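The values are calculated or read from the model by the stated rules, or taken from the named source; none is laboratory data. Nothing here was measured: the structure is a model prediction, and the numbers come from that model. All Cβ positions, even for glycine, are placed from backbone atoms using ideal geometry, and neighbour counts span all protein chains on display. These accessible areas exclude ligands, DNA and RNA; they are computed on the full protein's heavy atoms, side chains included. Shrake-Rupley method; radii C 1.70, N 1.55, O 1.52, S 1.80 Å.
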Amino acid sequence: MKLKGWKEVTPGAVVTEGGSALKFKTGSWRAFRPRWIEENCIQCLFCWIYCPDMAVKVKDGKMTEFDYDYCKGCGICALECPGKKGNKAIIMEEEGK
Amino acid sequence: MATGLTLKELSKKEMLLTAGHRMCAGCGAPIVVKMVLLASEYPLIAANATGCLEVSTCISEYTAWKIPWIHNAFENAAATISGVETMYRSLKKQGKIDKEIKFIAFGGDGGTYDIGLQSLSGAMERGHDMLYVCYDNGAYMNTGIQRSSATPFGADTTTCPAGDVIQGKPQQRKDMTRIMAAHGIPYVAQASPSHWMDLMKKVRKALDIKGPKFMNIISPCNRGWRSRTDDAIMLSKLAVETCYWPLYEIENGVTKVTFKPKEKKPLKDFIKPQGRFKHLFSPENEGMLKTFQEMIDREWEALLKASGAE
């Protein structure tokens with residue numbers, strides 16, 4: 001997005017569009033990438049509630065995928081994932097490998 | 001109809017803090033805020049004290065908030081939201097608005113314990129119908145980890161660095177939750193994002209109560225705590241289990257511990273993964289570690305006593 005000049009900025013720099021941060025993608029910050037292994041997923045949604053970046057997509061109460069446009073790769077989801085029978089449903093992998 | 005407090009039900013609600021904010025990877029604050037916003041059954045208006053949350057969720061032209069949101073200055077989030085709340089009451093009286101709206105102020109520990117304390121105290125005393133949420137990460141993380149009055153004993157920060165002269169912060173942290181309770185307001189609570197259900201129940205309870213409310217929520221900061229980016233929830237859980245951060249509420253003067261760990265873990269479990277306490281594990285600082293544990297024990301016992309449990 002091109003930055004506006006002072007004449008184009010709203011008075012008081014008020015932002016009139018709620019949630020406009022969505023236009024700013026933070027996925028490029030990521031050094032590690034979470035990978036979802038569906039067969040180990042028990043749909044507890046811990047990944048969804050604990051994600052600081054709202055990067056876990058849920059549909060009809062079920063985790064469907066990661067949103068790599070925004071995921072910063074912190075790894076909280078992978079650490080908190082209980083998995084199934086000791087097998088994690090989320091693992092972190094180094095980007096670019 | 002109230003949304004059930006299950007993750008499945010909650011996941012169907014609209015997220016009022018969006019992705020694309022620029023908090024660090026693994027920050028605890030957006031987790032805390034999203035839980036607070038998800039818990040609410042009412043339309044919300046929020047004010048924010050200057051701090052990490054404020055600067056990173058609203059960077060020129062972009063906002064991660066989907067609710068009306070105002071930032072004024074560092075010291076006056078509570079005063080600002082009390083003004084908004086007063087205007088709302090006036091408009092309601094004039095018949096220009098009939099919606100039931102709730103007001104929340106968010107501040108970090110710097111904006112709450114130190115810089116915003118007098119305006120917060122004033123707003124509480126005046127009795128505004130508002131909830132103040134402090135996300136406590138225990139230092140001025142936004143400006144580069146300077147000590148605040150929430151910084152725990154022994155923690156290394158850039159303004160109380162562990163070295164030859166001192167071994168981290170020499171003083172004890174301030175008990176903000178009890179200071180707020182001393183205002184005699186109807187509801188004060190302490191929560192942790194690791195115990196999301198407990199946190200959300202407290203937010204719901206608080207919003208249903210008329211008058212000033214205060215919640216203090218621990219918010220791990222991997223940059224300032226010198227820990228891993230994936231351990232925000234793990235550390236906040238350990239903070240609760242070691243009784244470093246007990247979960248309790250004070251409703252109309254009655255103290256209730258809302259989560260009592262089955263087995264109180266040693267404080268070491270919580271501080272060991274954090275680089276800011278690294279120096280406490282060298283042999284010459286054994287005494288400090290002991291002092292720190294005693295402080296936590298004393299606070300926990302006082303809390304149990306206040307709650308009538310012991």
**OP:** Identify, from the list B:Ile166, B:Ile145, the residue that is of a type in the set (Val, Ile, Thr), surrounded by fewer than 17 Cβ atoms within 10 Å (Cβ to Cβ) and more than 18 Å from B:Val240 (Cβ to Cβ).
**Re:** B:Ile166
**OP:** Out of B:Val84, B:Val33, B:Val55, report the one residue that is more than 9 Å from chain A (Cβ to nearest Cβ), buried (at least 23 other Cβ atoms within 10 Å of the Cβ) and either in contact (Cβ under 8 Å) with a residue 12 or more places away in the chain or over 21 Å from B:Pro193 (Cα atoms) (or both).
**Re:** B:Val33
Subject >> Residues of the range A:45-75 satisfying the condition of being facing chain B (nearest Cβ under 7 Å) and part of a loop (DSSP other than H, G, I, E, B) >> reply: A:Leu45, A:Pro52, A:Asp53, A:Met54, A:Ala55, A:Gly61, A:Asp67, A:Tyr70, A:Lys72, A:Gly73, A:Cys74, A:Gly75
Original post:
When you go through (1) crowded, with 19+ Cβ neighbours inside 10 Å; (2) not in a helix (DSSP H, G or I) one by one for B:Tyr42, which number turns out not to apply?
Top reply: (1)
Original post:
How many residues, within the range B:271-291, are in contact (Cβ under 8 Å) with a residue 40 or more places away in the chain, surrounded by fewer than 18 Cβ atoms within 10 Å (Cβ to Cβ) and not in a helix (DSSP H, G or I)?
Top reply: 1
**OP:** Looking only at the range A:7-15, decide whether some residue is under 25 Å from A:Met54 (Cα atoms), more than 10 Å from chain B (Cβ to nearest Cβ) and in a loop (DSSP other than H, G, I, E, B).
**Re:** no
**OP:** Test B:Ile217 against the stated conditions and say whether it is open to solvent by 10 Å² or more (accessible area, probe 1.4 Å), aliphatic (A, V, I, L, M) and modelled with pLDDT of 95 or more.
**Re:** no
Original post:
Do any residues in the range B:224-238 that are closer than 19 Å to B:Gly168 by Cβ have Cβ atoms under 6 Å from those of residues that are among the β-branched types (Val, Ile, Thr) and at pLDDT 95 or above, where the two are at least six apart or on different chains, and which pairs are they?
Top reply: B:Gly224/B:Ile145
Subject >> All positions within the range B:148-179 that are out of contact with any helix residue (DSSP H, G or I) (no Cβ under 6 Å at 6 or more places or on another chain) and of a type in the set (Gly, Ala, Ser) >> reply: B:Gly163, B:Gly168
Subject >> Selected residue (criterion: farthest from the other protein chains (Cβ to nearest Cβ)) from residues of the range B:1-11 that are open to solvent by 20 Å² or more (accessible area, probe 1.4 Å) and not in a loop (DSSP other than H, G, I, E, B) >> reply: B:Glu9
Original post:
Can you spot a residue in the range B:12-30 that is free of Cβ contacts under 8 Å to residues at least 12 places away in the same chain and either within 7 Å of chain A (Cβ to nearest Cβ) or open to solvent by less than 10 Å² (accessible area, probe 1.4 Å) (or both)?
Top reply: yes
Original post:
Any idea how many residues of the range A:23-46 are in contact (Cβ under 8 Å) with a residue 40 or more places away in the chain and open to solvent by 20 Å² or more (accessible area, probe 1.4 Å)?
Top reply: 14
**OP:** Scan (1) within 20 Å of B:Ile104 (Cα to Cα); (2) charged (D, E, K, R); (3) out of contact with any Ser or Thr (no Cβ under 8 Å at 6 or more places or on another chain) for the single condition B:Asp136 breaks and write down its number.
**Re:** (3)
Original post:
So which residues in the range B:204-239 are within 12 Å of another protein chain (Cβ to nearest Cβ) and either closer than 24 Å to B:Arg126 by Cβ or assigned to a loop (DSSP other than H, G, I, E, B) (or both), if there are any at all?
Top reply: B:Ser219, B:Pro220, B:Cys221, B:Asn222, B:Arg223, B:Ser227, B:Arg228, B:Thr229, B:Asp230, B:Asp231
